[in-house]
Amino acid sequence: MKVQQHDGSIVEMDKKSPESLEVLNHSTSHLLAEAIQQLYPDALFGFGPAIENGFYYDIDFKSPIVEQDLIKIEKKMHELASKDEKIIRQSLTKSQALEVFKDNPYKLELIRDINEDITIFTQGNFIDLCRGPHILSTGQIKHFKLLSIAGAYWRGDSKNKQLCRIYGTSWWSEEDLKNYLNLIEERKKRDHRLLGKQLDLFMLSEYGPGFPFWLPNGMILREAIEEYWKQQHFKYHYVVVKTPIMLSKELWEISGHWSHYKDNMYTTKIDDREFAIKPMNCPGGILVYKNSLHSYKDLPIRMAELGLVHRHEASGALNGLFRVRAFTQDDAHIFCREDQLVDEISTLLNFYEEMYSVFGLDYYIVLSTRPEEGYIGDIKIWNKSEAILKEACEKSGKEFKINPGDGAFYGPKLDFKLKDSMNRVWQCGTIQLDMNLPERFDCFYIDSDGEKKRPIMLHRACLGSIERFIGILIEHYGGAFPAWLAPVQVNLLPVNNAYHLAYAQEIYDLLRARHIRVSLDDGNDKLGYRMRNSQVKKIPFTIVLGDHERDDRTLTYRRFGSNEQITVSIDDFVTLIEEEIKEKKQNIEVAKSAQ
RNA sequence: GCCUUCUUAGCUCAAUUGGCAGAGCAACUGAUUUGUAAUCAGUAGGUUGUUGGUUCGAUUCCGAUAGAAGGCACCA
């Protein structure tokens, strides 16, 4: 395929490349605008770029359109595309451009801000201010779909007016389009809010927007993760603390959170003293550090806390477990000497690698370095720690990127981006160096020369928010959890209650005595019905017990996602499931095909 | 917070132009005793999110309010 670029040159592009899809999507957004211009002549156009797997166009309609209208617009787009109009690039002077777009205040605003060559792309009688690149004619646009309508601020600024944004997606083949639409469907089916309801994991109430309730099933999942979290922290020589949920305003003034975030903090006045519910755990952790005097020999101190924090998020930001107002950070604060930083960082990378691989989550790391301006702390420490972080990432062998200048004002950081089973990326873990709080709180240790020294402070969270992480896991596994996480691990189905219930009860007691989460379905329903319920709940092992099994003292199990029926002795089954739980075995393949 | 849309039984959804609020699943009762994804019959279940208005009459039309969805803005 051929692509015309901003400078007018025409280049050849491979249709398999992501760049070519970007061009196609961008051209499709123009086609959308062309269709809208014909259907709604008084609509004004804003921005219309390509995005990942699609495109959008921001439009100021005189009267709002509804989802239904997309069908009509899509039809018009196909009609226009079938004309195979040439997309013609033209370069204009600023004054020419201002004349062409004199009726569109949005484009005029953009033109005034452009300092380079101004180009327009024209198809039929639709003209758009655009850098390109674009395909050569609209006939190549065949496999697309308009997806949704949303509001979006002009130029991404909440002070501006909101325009109507139409999202769509465009592909080179019908098959690619179908695959993408299927993926969207699959993501909808796996929505953690839906599965959370179906599997009774958590609930939300209008009486506490953004404050999730954990139901018994979800609590099992959560405690399994927290239990693993504890083991992992023991292994890596952490100490664990719990700091108060509410602390006085003065503390937040010292930490600096009050001036920055007081609008997002829950506050209260008690006995004429102002308090705030903690939005972060760090100040509490620092108070614990300062509770005793530390020798250089005590360092590093690795202090972990599953800390419940509250943040008053904007109502429109709330989203299931992904964005809540009360959540638990798997937080830790590490106080160390400068000479210990190398070891600490590389140990942390091992720690993270273990935590993520248990859940079958691949990831990459992003290093954010010192901002150009407004940073605090010694530039030598900045440079040294950035070098240490970079080297540790390189040594880990993991994919990693650098975001120059994207660090916080108080230190460089590593972010861990997790890839789930549906090719989505989630930022979860973070490791941040902090040169600010130790200073503000005057943290120190006594060095070998008897002098007070400032420790280096690392903030780190691996899963991020437990709530959000569980939301991610629900979707990652499609609700089909591996045995170690599953709320119910084994479901027992006696074929006939009259003859097999006693044997089923015996196995139930035996498994339960070994702390296996087992349920016994002795309902008066047919086996097929109970089997279906067991599969709907995505229970890892469903066991059928009938004459055969009772007489031979065996059991027949079926794994979730498989039709295979396997008969084994009771002992063999216990060994099998105990191994699987102990090793935290993955079932991503099962999860991928889970409905 | 902003734009658009939505809110009907525990869940998923119906209800012609404003005219007696219905179904499936789940629950409960009874029958059935079942060999791998839904056995049959019956019963009960609702101030249509809340609130104010228009109307002889409102689930339906209008306003307010709460919550939710898709986005935007925000995300220490």
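The values are calculated or read from the model by the stated rules, or taken from the named source; none is laboratory data. The model shown is predicted, which means the values in this text are computed figures rather than measured ones. Here the Cβ is made from the backbone with ideal geometry for all residues, glycine too, and neighbour counts use every protein chain on show.
I'm trying to understand the selection: among the residues of segment A:417-442, which are farther than 28 Å from residue A:258 by Cα and of a type outside the set (Lys, Arg)?
Narrowing segment A:417-442 to residues farther than 28 Å from residue A:258 by Cα: A:417-426.
Hits for segment A:417-442 are A:418, A:420, A:421, A:422, A:423, A:425, A:426.
Can you pull out the residues in segment A:150-160 that are near RNA strand B (Cβ under 6 Å from one of its atoms) and within 12 Å of residue A:59 (Cβ to Cβ)?
First, the residues of segment A:150-160 that are near RNA strand B (Cβ under 6 Å from one of its atoms): A:150-153, A:156, A:158.
Passing the criteria: A:150, A:151, A:152.
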Restricting attention to segment A:1-56, the residues that are assigned to a strand (DSSP E or B) and of a type in the set (Lys, Arg) number exactly 1
Just to check your reading of the model, which residue among A:163, A:201, A:195 is over 17 Å from residue A:147 (Cα atoms) and within 13 Å of RNA strand B (Cβ to nearest atom)? A:195
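Here is a list: A:467, A:549. Which entry is part of a helix (DSSP H, G or I) and either under 25 Å from residue A:321 (Cβ atoms) or in contact (Cβ under 8 Å) with a residue 60 or more places away in the chain (or both)?
Every option except A:467 fails the conditions.
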Scanning segment A:288-332 for residues that are more than 16 Å from RNA strand B (Cβ to nearest atom) and part of a helix (DSSP H, G or I), which turns out surrounded by the fewest Cβ atoms within 10 Å (Cβ to Cβ)? A:297
Can you tell which of A:220, A:245 is more than 12 Å from RNA strand B (Cβ to nearest atom), of a type in the set (Val, Ile, Thr), modelled with pLDDT of 95 or more and crowded, with 18+ Cβ neighbours inside 10 Å? A:220
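When you scan segment A:49-69, do you find a residue that is within 30 Å of residue A:316 (Cβ to Cβ), within 16 Å of RNA strand B (Cβ to nearest atom), small (Gly, Ala, Ser) and surrounded by 17 or more Cβ atoms within 10 Å (Cβ to Cβ), even just one? Write out each step before concluding.
First pass over segment A:49-69, keeping only residues within 30 Å of residue A:316 (Cβ to Cβ): A:49-69.
Okay, now just the ones that are also within 16 Å of RNA strand B (Cβ to nearest atom), so A:49-69.
If we keep only those that are small (Gly, Ala, Ser) as well, we get A:50, A:54, A:63.
In the following step, the residues that additionally are surrounded by 17 or more Cβ atoms within 10 Å (Cβ to Cβ) were identified as A:50, A:54.
Yes, some residue in segment A:49-69 is within 30 Å of residue A:316 (Cβ to Cβ), within 16 Å of RNA strand B (Cβ to nearest atom), small (Gly, Ala, Ser) and surrounded by 17 or more Cβ atoms within 10 Å (Cβ to Cβ).
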What are the residues in segment A:347-362 that are surrounded by 17 or more Cβ atoms within 10 Å (Cβ to Cβ) and of a type in the set (Gly, Ala, Ser), if any? A:360
Residues of segment A:184-211 satisfying the condition of being over 29 Å from residue A:52 (Cβ atoms), touching a strand residue (DSSP E or B) at 6+ places or on another chain (Cβ under 9 Å) and buried (at least 19 other Cβ atoms within 10 Å of the Cβ): A:201, A:202
Need the failing condition index for residue A:543 against (1) out of contact with any Leu (no Cβ under 6 Å at 6 or more places or on another chain); (2) under 22 Å from residue A:580 (Cα atoms); (3) more than 7 Å from RNA strand B (Cβ to nearest atom), just the number. (1)
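Do the conditions hold for residue A:518, that is, is it within 15 Å of RNA strand B (Cβ to nearest atom), in contact (Cβ under 8 Å) with a residue 24 or more places away in the chain and β-branched (Val, Ile, Thr)? Quick ask: steps written out before the conclusion?
Values: within 15 Å of RNA strand B (Cβ to nearest atom): no; in contact (Cβ under 8 Å) with a residue 24 or more places away in the chain: yes; β-branched (Val, Ile, Thr): yes.
It is false that residue A:518 is within 15 Å of RNA strand B (Cβ to nearest atom), in contact (Cβ under 8 Å) with a residue 24 or more places away in the chain and β-branched (Val, Ile, Thr).
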Residue match in segment A:99-115 (condition: β-branched (Val, Ile, Thr), within 16 Å of RNA strand B (Cβ to nearest atom) and in a loop (DSSP other than H, G, I, E, B)): no
